[in-house]
Amino acid sequence: METANKQKVVIIGGGVAGLTAGVYALMAGFDAEIYEKNAIPGGECIGWNRKGYHIDNCIHWLTGTRKDTEMYDVWKKTGALSDDTKYAEINAFFTSTYNGQTATLWNDLEKTEKELIAVSPEDEEEIKHFIESVEISKQCLFPAGKPMEMWGVKDYIEMGKNMADFPKVMKEFGKITIEEYSKRFKSVLLQKLMCDYIPASYTAYSFLVSYATMADGNGMIPLGASLQMSLRMERRFKELGGKIFYNTSIAKINIEKKKATGITLESGEFVGADYVIPTIDTHPLFEKLLPKSYMPKELVKAYKEEKNYPATSGFQVAYAVDAHFNENTGRGETIFVEIEPLKIGARTFGRMYVKAYGYDPIFVKDGKQVIQTCITQTDEDYYYWKSLTKEEYKNVKEQLVAEVSKRIEAAFPELQGDLEFLDAWTPLTYERYCHAYHGSYMSFITTPNGKQIRMKGKLKGIDNLYVAGQWTNSPGGLPVAAASGKFAIQRILKSQKRDINL
Ligand SMILES: Cc1cc2nc3c(=O)[nH]c(=O)nc-3n(C[C@H](O)[C@H](O)[C@H](O)COP(=O)(O)OP(=O)(O)OC[C@H]3O[C@@H](n4cnc5c(N)ncnc54)[C@H](O)[C@@H]3O)c2cc1C
């Protein structure tokens, strides 16, 4: 459908950011082409099959499932969700266990409050404050209407009205880590509950907002798994006339007279463009596709100060087990347990989780369901994996799978002899598959000593290029990725003095 007078937007990367940029480019009347190095769309938002079972790689919660939010509008326009989408019937964020005791963060906050107080009556006051703060954090909705630099006074007033109480939460929880916050509870189980899910070095408010998103019905999991969501977005892009080129790696972005003029494929072929939108990880972007001198100062600082700007990945294992595992147990799908200490990467872990995927038929086959575990890995762990030879890497992975299996069987005796190993993967898997910096599948962790990255998309000294992708706004994630793709198109429209409302 190319016409002579239509301008062409070329997008690098076919993940959620790239697909969203593609759909919005077409909605705005541009021609759009996506270039993706892998054979399928989705980037980090995918899944794969092993022994006939489907393993999910991404969605633990999808922010923007509440229909009255700006984010839902983006998911709907890109085809990721529709009014007919069915969601998993999951009624808890997760469960933590310790010393024979159990505590669950239910979506029903009253239920959680009662359960936590029953577990630890001496923490009643702190528990009530926690629940109240989560309730307030429901006000924190992801702003996906337009980039913040385009906000006017009215937008700020509106936000102030909608989030009237949230500044209180930010003030109290914005400058302490989850670990520091957890110390306010006397019960060891509750301390563990606070630290189990989100890396304990994150600021405490991110944990509150994550739980609030689930509790508010705004972070559900669409049935059909992550890859299927990416495929729906790809379908919408193609239906609107977009072209997507797979197995096509980009070697560089061409700049002439301070203007992006197109891209050069690894094959050497040049593809001209009126606008270029890179959506790939910013590390390879400035290491390879663009001269490093264009890297914004805030990113230079973040890559330099690893301790204040950690990146997060995982050592993950998937198994098939009896489909009845975790049925009618009165706990959530994700259960954290105490384990015999295990060194994974550079650090030793005393806890891990098992997530049962039986909530969606796509993960169930022949009376068995998939279960998975993910042990958080960060920069120092990445360096460990990276230091191994190919042979050592293979052996370490195998040994760790055996050790993880032992610990799962110890924590869940009903699974003894029932674990059918499906797959294991590490930070290096994400580095290989997505060129992810330190294997990180989110952007930098939001810590009290690190500033949130907020790139405006434009790079000093280059016109017609708008950076998108989850790394433009830490801590990343699917809503950041999708919104960044939409924002890139709105920034182009604004530069052309056109209406940005799409
Ligand atoms: C285990 C796991 C769990 C997660 N859970 C959640 C969750 O519950 N909720 C949530 O919101 N987010 C979650 N995420 C994060 C989410 O998947 C990412 O934030 C999001 O998918 C990032 O999208 P993106 O388009 O910005 O980047 P990517 O998905 O990395 O897409 C970039 C694309 O660019 C391609 N590319 C790279 N270099 C080149 C090149 N030179 N040429 C051509 N193409 C190139 C890559 O192959 C990739 O497809 C999770 C991720 C993982 C892995």
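Which trypsin sites (Lys or Arg not before Pro) from segment 143-248 combine a DSSP loop assignment with at most 15 other Cβ atoms within 10 Å? Could the numbers behind the result be given before it?
Values: sites: K154, K161, K168, K171, K175, K183, R184, K186, K192, R232, R235, R236, K238, K243; in loops: K175, K183, R184, K186.
The qualifying sites are K175, K183, K186.
With R₀ set to 56 Å, the beta-carbon distance separating K6 from N91 gives a calculated FRET efficiency near 0.70.
In whole angstrom, note down how far apart the Cα centers of segment 201-230 and segment 283-341 are. Using only Cα atoms, the two centres lie 15 Å from each other.
Within 10 Å, count the other beta carbons around each residue, average over each peptide in 371-381, 473-483, 415-425, and list them highest first.
473-483, 371-381, 415-425
Taking every protein chain into account, the accessible area of segment 1-59 amounts to 31 square angstrom per residue (probe 1.4 Å). Spin-label model, K154/K456: points 7 Å from Cα along the beta carbon direction are separated by 2.2 nm. In this structure segment 92-215 gives 46 Å² per residue of accessible area when probed at 1.4 Å with all protein chains present. For a straight C-alpha distance cut-off of 17 angstrom, the aspartates and glutamates reachable from K394 (same-chain residues fewer than eight places away being disregarded) are D381, E403, D423, E431. Placing a label point 7 Å from the Cα of K258 along the Cα-to-Cβ direction, the residues of segment 441-469 with a backbone N closer than 13 Å are 459-464. The DSSP beta bridges internal to the chain are antiparallel in roughly 75% of cases. The heavy atoms of L502 offer some 50 square angstrom of accessible surface to a 1.4 angstrom probe. Carbon and sulfur atoms: what percent of the 1.4 Å accessible area of the chain do they account for? That share works out to 51 percent.
Gain in length, K114 to A402, computed as 0.36 nm per residue apart minus the alpha-carbon separation, to one decimal in nm? Each step should come with its number before you reach the end.
On the way: separation 288, 0.36 × 288 = 103.68 nm, distance 3.85 nm.
Between K114 and A402, full extension yields an extra 99.8 nm.
Taking only the C-alpha atoms of the chain, Rg followed by Dmax gives 22.6, 72 Å. Please report the relative contact order for the chain, taking Cα pairs under 8 Å with a sequence separation of at least 6, and give it as a percent rounded to a whole number. With pairs under 8 Å counted, the relative contact order is 23 percent. Here segment 1-59 is described by how far its Cα atoms reach on the three principal axes: 50, 19, 16 Å, from widest to narrowest. In percent, how large is the relative contact order of segment 459-502, given Cα pairs closer than 8 Å and 6 or more residues apart? About 29 percent, as a whole number.
Applying a DSSP loop filter and a limit of 16 other Cβ atoms within 10 Å to the chymotrypsin sites (Phe, Trp or Tyr not before Pro) in segment 151-237 leaves W151. Relative to the longest principal axis of the Cα atoms of the chain, the long axis of helix 153-162 lies at roughly 10 degrees. For segment 290-300, the Karplus equation 6.51 cos²θ - 1.76 cosθ + 1.60, evaluated at θ = phi - 60°, returns couplings of 10, x, 4, 4, 7, 5, x, 4, 4, 6, 4 Hz by residue, with Gly and Pro reported as x. Protein heavy-atom accessible surface, 1.4 Å probe, per residue over segment 272-346: 41 Å².
For segment 403-482 and segment 1-80, compute the distance between their C-alpha centroids and round to whole Å. The distance from the Cα centre of segment 403-482 to that of segment 1-80 comes to 17 Å.
Cα centroid separation, segment 351-382 to segment 91-169: 25 Å. Scanning residues 5 or more positions from N254 or on other chains, those with amide H under 5 Å from its amide H are T261, G262, I263, T264, with H placed 1.01 Å from N in the peptide plane.
The values are calculated or read from the model by the stated rules, or taken from the named source; none is laboratory data. Please read these numbers as outputs of a predicted model, since none were measured by experiment. A quick note on method: Cβ atoms are made from the backbone with ideal geometry, for glycine too, and the neighbour counts reach across all protein chains shown. These accessible areas exclude ligands, DNA and RNA; they are computed on the full protein's heavy atoms, side chains included. Shrake-Rupley method; radii C 1.70, N 1.55, O 1.52, S 1.80 Å.
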